[in-house]
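One structure is given here, and the rest of the page talks about it.
The values are calculated or read from the model by the stated rules, or taken from the named source; none is laboratory data. Here the structure is a predicted model, which is why all the values come from computation and not from measurement. Here Cβ is always computed from backbone atoms with ideal geometry, including for glycine, and neighbour counts include all displayed protein chains. Side chains are part of the model used for accessible areas, which takes the heavy atoms of the whole protein and leaves out ligands, DNA and RNA. Shrake-Rupley method; radii C 1.70, N 1.55, O 1.52, S 1.80 Å.
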Amino acid sequence: MAGRGHVDVSERRLRPIYDALDASNNKKAIQEADKVLRKQKDLICAKALKAIALLRSSRRQEALLLAAEVASQEPIEEATLQALTICYREMERGDLVARIYENAVKKVPQSEEFLSHLFMAYVRLGEYKKQQQTGMALYKVVPKNPYYFWSVMSIVMQALTTEDEKLSQKMFLPLAERMVEKMAKDMKIEAEAEVRLYLMILEKQKKYEEALEVVVGPLGSKLISEIELQSLKQAELYVQLEDWPKANAKYRKLLLTNPDNWLWYIHYFNSLFHLVNSGWTPSEADEGSSTDVITGTVDMAIAFVEERVEDELKNGKRLQRGPFLARMELLKRLTERGNQEAADKIGSPSDLLKEYFGKFGDKPSCFMDMRPYLTMMKLDDHAKFVEELQTYLEIPKKGGELSLPSDVKSMQRHICCVGLARSLGLQEHLTERNRDELIQDLMRRHQHGLQFGKDLLPTDVQPSDSYLLMTVHIKYAVYLKTQERSLLFEMIVMLEKGVACSPSNAQYKLILIKLYILLGAFQPCKKLYDNMEIKHIQQDTLGHFYSCYAVALGHLTSACSILSAMLKFFSANHKDTTEYIIAAYKYGSFHKIPEIISFRERLNLSHNYSALAVERMLLDFIMETTNPEQMRELLDFMEISPEKDEIKWDLLKDNRDMTVLSSWEPKERELTDQQIEQSFCQDKQWLRLRSLILRSLAAVILMSQPAPLDGEHSLDKQDASKNGESQVGDGNTLLSLILEINAHVQDVECQPSSGNMYLLCGPVPTRMKVYLDGQHHILLTSIFQVAVDVHSLETSDLTGQSQELQEQISRNFDCILKTLEYVLDSMDTPIATPGSPPQVYPQVLQGLVLLVETLCLMALVTSQCQVMLKPLKATLTKKKKKKKNPTTIVPQVFNDYKMFVDSLVQFGEKLHKCLMEVNTVITGVDVSTLEIGPVLEHAEKDAISVETVWKKVKDSYQISVGEMSEVLKQKLQFLRTIRL
């Protein structure tokens, strides 16, 4: 009783601390913990809770020390262990969580709870060997199947993650197989998850026959989580064994149960043509009445598919598309194989396509269903085919012309028909007049179709939106040829009106973002992107539409918040996916664990992730630093290693979704895999250049400000010097980075230009061309070389031996100043001119942004040169005083440096004046008399016009100029404070 009373007292005393933590009142939680500890010094749970409160109060070091004090007592009370676990997880110290449970298990080795917590701690760390051992210890304590299979899965993960394939195939997988076999022989396998793990082990060893025996045996009956899962697994294993007759029969049987499964049709046709190629002929046994019939000839396959079609037609219910698409797929494959005789038995391509359109033309998916099979038709038949489709439209005629549809289904058929006409290339050679008439017709139909969506929720997409999207695609194709920016304004006005009618249409918003970026206006993009409520993985797949353009177009404040928000998703990726893995262990979804880990790795290796991180670090240096000490603190926080490239270039993944936008383009103008690969290659080239610049800046900082003896970098340098490697502080690292930048730029310049003008659904080009044309790489490598030379002066005699170095520094100073003047003079194009609608020149804005950025980086490097030169001057002054010789010549480098800093300030003031002139030019454009072209003559007059669009563009440019001016003023003030 006394013991129980003591526990109750402790719980009662701890309750206020828990309440304060739950209320996020960390200050009160610390006070309550101190109050308890004054009364009960040995209540270590109170200390653990106080550590959590300290951590959440940004007192990390104190929290770590207090938590370590608690952990050193090796607690076994559940509340204390949980509090420590929370504290260490929030610190992202999973290794310490594992340690406290290791100590708990040593004290209470038979505790199921402690062992299971220890197992999950190892899961978070990816310690598969320790997982295996803990799982078996758990099974010995509590012989439950899940614990045993946790251990087996841990062995499988060792096999999947080891780089030694021989070790995987000869040791880990056979061991896992033997362990599961033992359970199978003892009749102890109880759940489907355990059977699926057994199959996974066998398949990883390519033991498909043994896996098949498991599936068809008693254990196979446990595969019940999905319909026909046992049969499907058999079919998949027959394919792996290349047993095409049985695979064919099994997929045929599956299709009898579900004739709408497209993937099964693909496997069925693959097995069919393997049999045809091998010359397979049916035996008497195969021609029996068994349901496992092998359709190993083309005629049998045609008959089977036709039967499925007839069954659908007889069904009388809602038709399924699978059999009709399968018939066209079979026809296409036969045509590609040159088997025209068999193809003729199915029918002509145009007849099948027309029949499909007649049955499914009112479905939004109809165009995408038919598109792969349009190539079967002859070029001469295209116009006739589209004309014949008009008979299915069911739109009444008035005065010999087609009138507007009376319902959504009729409208959807017309949308599909227009899309097919475009995809077949029938709109490619229209005269300008005919093209304008088509655009007018589509816009009129879009306006008319809005009546069908009057009762829709705001979250629903209007059924007539495709008309507007088609119009924009047609106009964008014209823009690619003419490069008339007036077309961009027209498209933006059309889409802004579209968003007003259909606020949830993501296609409108993504295209608007792209068009605004082409105009150089980022401000409207932020609202559009935020309204789409992009979440989770979409930050990676759709982030390329938006993420890096805030920096490119000078919206630096917005860029900070955007990059931080996106990086937060990537940094949370490891934590979130770990929770999914733990859930998979708990619920026995073992086959999902490798998938989740693969997903995690794909995100970690995302090109977008690396690009966002590099841009954010460069942005922090530009915006957050106003003295050399801040630069060093920021570098230590970022943990950048100049001598080590952290990016795994060969493993980078292109996670961009290039299919998110609808497209009705002809096959020859579709976005190809080659274009996507080329775009990704250019993105990597740009990222490599930015990464080299960032590492070079880090090398300058480390070189000019050596770390203290107990610092992390100094230890690294000592270790490196012991191993005979180059040290960061001696300038060799920076010198090699300069050579890398020059070599990389040469590689980029040698590669043929692709033009980079892709379709609307394609990527936007990088800033590489503007960067190289502006000679920013020359400016930065020159200033980096100055830093190397200044550092070399430390080991030279300033009054004698170093004359050559000083002259080299002087030449680089002259080169930088001349290049800066040349770059600014070459940007004499005005950023905007009046017109109808007004013209803007976003490449000029991008050039100004890059020039400001380069000047800021040069200011930072220049300040680090001052850090290196100041001790040299102090040493020289001391010598001068000792010798009392007033005629000692002041080394040239000090005067050159002072003149360079003054010239840099003067250039910055000149650049600032240019930025202010941009503001004047943008504001001076008069758009009050402008009219958007005749394109929208049928549209209703409303608040959205070219004037409102221009106002958004103008406001965005003004924000860009304002933010660049601010950061430039900050760096100029920084430069003015530099004195030797």
Residue in the stretch 560-568 that is open to solvent by 20 Å² or more (accessible area, probe 1.4 Å) and closer than 19 Å to Leu518 by Cβ present: no
Residue in the stretch 429-445 that is without any contact (Cβ under 8 Å) to a residue 24 or more places away in the chain, open to solvent by 70 Å² or more (accessible area, probe 1.4 Å) and of a type in the set (A, V, I, L, M, F, W, C) present: no
Pair list, Cβ < 8 Å and 6+ apart or interchain, from the stretch 673-688 residues that are closer than 17 Å to Thr541 by Cα to residues that are at pLDDT 90 or above and surrounded by fewer than 16 Cβ atoms within 10 Å (Cβ to Cβ): Lys684/Trp649
Hey, Phe149 in contact (Cβ under 8 Å) with a residue 24 or more places away in the chain, of a type outside the set (Gly, Ala, Ser), assigned to a helix (DSSP H, G or I) and more than 18 Å from Leu229 (Cα to Cα) or not: yes
Test: Ser504 is open to solvent by 20 Å² or more (accessible area, probe 1.4 Å) and not in a helix (DSSP H, G or I): yes
Leu138 being in a helix (DSSP H, G or I), in contact with a Pro (Cβ under 7 Å, 6 or more places away or on another chain) and of a type outside the set (Val, Ile, Thr): no
When residues of the stretch 184-219 are limited to those that are outside any helix (DSSP H, G or I) and of a type in the set (Asp, Glu), the one nearest to His591 (Cα to Cα): Glu190
Thr295 being surrounded by 12 or more Cβ atoms within 10 Å (Cβ to Cβ) and either part of a loop (DSSP other than H, G, I, E, B) or modelled with pLDDT under 90 (or both): yes
Residue in the stretch 13-22 that is of a type in the set (A, V, I, L, M, F, W, C), over 23 Å from Arg124 (Cβ atoms) and not in a helix (DSSP H, G or I) present: no
Per-region count, the stretch 265-289, residues of a type in the set (Gly, Ala, Ser) and either closer than 23 Å to Val309 by Cβ or at pLDDT 95 or above (or both): 2
Cβ-Cβ under 7 Å pairs, at least 6 apart or on other chains, the stretch 525-538 side aliphatic (A, V, I, L, M), far side part of a helix (DSSP H, G or I) and surrounded by 15 or more Cβ atoms within 10 Å (Cβ to Cβ): Leu528/Lys509; Leu528/Leu512; Leu528/Ile513; Met532/Ala506; Met532/Lys509
Residue in the stretch 160-169 that is touching a Ser or Thr at 6+ places or on another chain (Cβ under 7 Å) and surrounded by fewer than 17 Cβ atoms within 10 Å (Cβ to Cβ) present: yes
Filtered residues of the stretch 298-307 (kept if in contact with a Ser or Thr (Cβ under 9 Å, 6 or more places away or on another chain) and either open to solvent by 40 Å² or more (accessible area, probe 1.4 Å) or not aliphatic (A, V, I, L, M) (or both)): Ala303, Phe304
Check on Ile511, at pLDDT 90 or above, under 24 Å from Ser547 (Cβ atoms) and surrounded by 22 or more Cβ atoms within 10 Å (Cβ to Cβ): yes
Single residue of the stretch 317-332 satisfying the filter (hydrophobic (A, V, I, L, M, F, W, C) and farther than 11 Å from Met370 by Cα) that is modelled with the lowest pLDDT: Leu319
Top-ranked residue in the stretch 611-626 [being open to solvent by less than 60 Å² (accessible area, probe 1.4 Å) and more than 21 Å from Lys648 (Cα to Cα); ranked as farthest from the chain's Cα centre (by Cα)]: Thr626
Restricting the stretch 659-690 to residues that are open to solvent by less than 20 Å² (accessible area, probe 1.4 Å) and under 15 Å from the mean Cα position of the chain (by Cα), the residue that is farthest from Ser365 (Cα to Cα): Leu687
Tabulated pairs, the stretch 170-184, first farther than 20 Å from Pro146 by Cβ, second open to solvent by 50 Å² or more (accessible area, probe 1.4 Å), C-beta under 7 angstrom, 6+ apart or interchain: Leu173/Lys204
Index of the failed condition, Gly520 passing every other in (1) open to solvent by 20 Å² or more (accessible area, probe 1.4 Å); (2) on the phi > 0 side of the Ramachandran plot: (1)
So Thr626, is it outside any helix (DSSP H, G or I), in contact with a helix residue (DSSP H, G or I) (Cβ under 6 Å, 6 or more places away or on another chain) and at pLDDT below 90: yes
Cβ-Cβ under 7 Å pairs, at least 6 apart or on other chains, the stretch 308-334 side surrounded by 19 or more Cβ atoms within 10 Å (Cβ to Cβ), far side of a type in the set (Asp, Glu): Gly322/Asp260; Pro323/Glu312; Leu325/Asp369
The stretch 942-966, residues that are open to solvent by less than 10 Å² (accessible area, probe 1.4 Å) and either closer than 28 Å to Glu909 by Cα or modelled with pLDDT of 90 or more (or both): Val953, Ser956, Tyr957, Ser960, Val961, Met964, Ser965
Some residue of the stretch 593-610 being within 24 Å of Val195 (Cα to Cα) and exposed (fewer than 14 other Cβ atoms within 10 Å of the Cβ): yes
Of the criteria (1) in contact with an Asp or Glu (Cβ under 6 Å, 6 or more places away or on another chain); (2) modelled with pLDDT of 95 or more, which one Lys222 fails: (2)
Positions within the stretch 876-897 being in a helix (DSSP H, G or I), modelled with pLDDT of 75 or more and either closer than 27 Å to Lys913 by Cα or not hydrophobic (A, V, I, L, M, F, W, C) (or both), in sequence order: Gln892, Asn895, Asp896, Tyr897
Among (1) within 23 Å of Lys332 (Cα to Cα); (2) open to solvent by 30 Å² or more (accessible area, probe 1.4 Å); (3) of a type outside the set (Gly, Ala, Ser); (4) not in a loop (DSSP other than H, G, I, E, B) - the single one Leu255 does not satisfy: (2)
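Every residue, every condition in (1) over 30 Å from Leu468 (Cβ atoms); (2) part of a helix (DSSP H, G or I); (3) at pLDDT below 90, yes or no:
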{"site": "Leu612", "(1), (2), (3)": "yes, yes, no"}
{"site": "Thr659", "(1), (2), (3)": "no, no, yes"}
{"site": "Leu687", "(1), (2), (3)": "yes, yes, no"}
{"site": "Ile693", "(1), (2), (3)": "yes, yes, no"}
{"site": "Leu702", "(1), (2), (3)": "yes, yes, no"}
{"site": "Lys717", "(1), (2), (3)": "yes, yes, yes"}
